[in-house]
1. Enter the accessible area per residue of the chain (Å², integer; probe 1.4 Å; all protein chains in place).
2. What base-10 log of the normalised intensity I(q)/I(0) is obtained for the chain from the Debye formula, alpha carbons as equal point scatterers, at q = 0.15, 0.24, 0.25 Å⁻¹?
3. With label points built 7 Å along Cα→Cβ from the Cα atoms of SER47 and ALA81, find their separation and express it in nm.
4. Give, as a single signed number, the net charge of other residues whose beta carbon lies under 14 Å from the beta carbon of LYS39, with Lys and Arg counted +1 and Asp and Glu -1.
5. Could you pull out every residue, at least 5 positions away or on a different chain, whose amide H is within less than 5 Å of the one on VAL51? Hs are placed 1.01 Å off N in the peptide plane, and Pro or chain starts have none.
6. Does a label point 7 Å from the Cα of TYR64, set along Cα-to-beta-carbon, have any residues of region 2-32 with amide nitrogen under 15 Å, and which are they?
7. Calculate what fraction, in whole %, of the accessible area of region 27-92 sits on carbon and sulfur atoms when a 1.4 Å probe is rolled over the protein chains.
8. ³J(HN,Hα) across region 81-92 via Karplus (A = 6.51, B = -1.76, C = 1.60, θ = phi - 60°), whole Hz, x for Gly/Pro?
Amino acid sequence: MPYVSTKITANTLISATGGLLGGVLIVAGSGASTTNNVKVFDSADNSGIQVGEFDVTPSDTELYRGLDIVMRTGMYVECAAWTGLAVYILHN
């Protein structure tokens, strides 16, 4: 099954029915906060199982992590501060 890339710039429910989380690409630009990490949950909101947490590092132009995790109940992505930050989720 092919992957799809979804750009996230705010707390987002990508899928309420599950799927495969293939990877996370974080692009941190000017104004991005190093104190707020990007979190991924296996649920329709942030009350479910947290399957990943990724550091935001503005000095890095990109941070990629490949995961291949089956998300059983949903796929929710959040960050406390989205200023200067774009996150791309690879999923199917």
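The values are calculated or read from the model by the stated rules, or taken from the named source; none is laboratory data. This structure is a prediction, so every number in the text was calculated from the model and none was measured. Every residue, glycine among them, receives a Cβ derived from its backbone with ideal geometry; neighbour counts consider all protein chains shown. Surface accessibility is based on the protein's heavy atoms, side chains included, excluding ligands, DNA and RNA. Shrake-Rupley method; radii C 1.70, N 1.55, O 1.52, S 1.80 Å.
1. Per-residue value: 53 Å².
2. So the normalised log intensities are -0.49, -1.20, -1.29.
3. 2.9 nm
4. Summing Lys/Arg as +1 and Asp/Glu as -1 gives -4.
5. Under 5 Å from the amide H of VAL51 lie the amide H atoms of VAL40, PHE41, ASP42, each far enough along the sequence or on another chain.
6. 3-6, 22-28
7. Here it works out to 48 percent.
8. Going residue by residue, I get 9, 9, 4, x, 10, 10, 10, 10, 9, 9, 8, 9 Hz, with x marking Gly and Pro.
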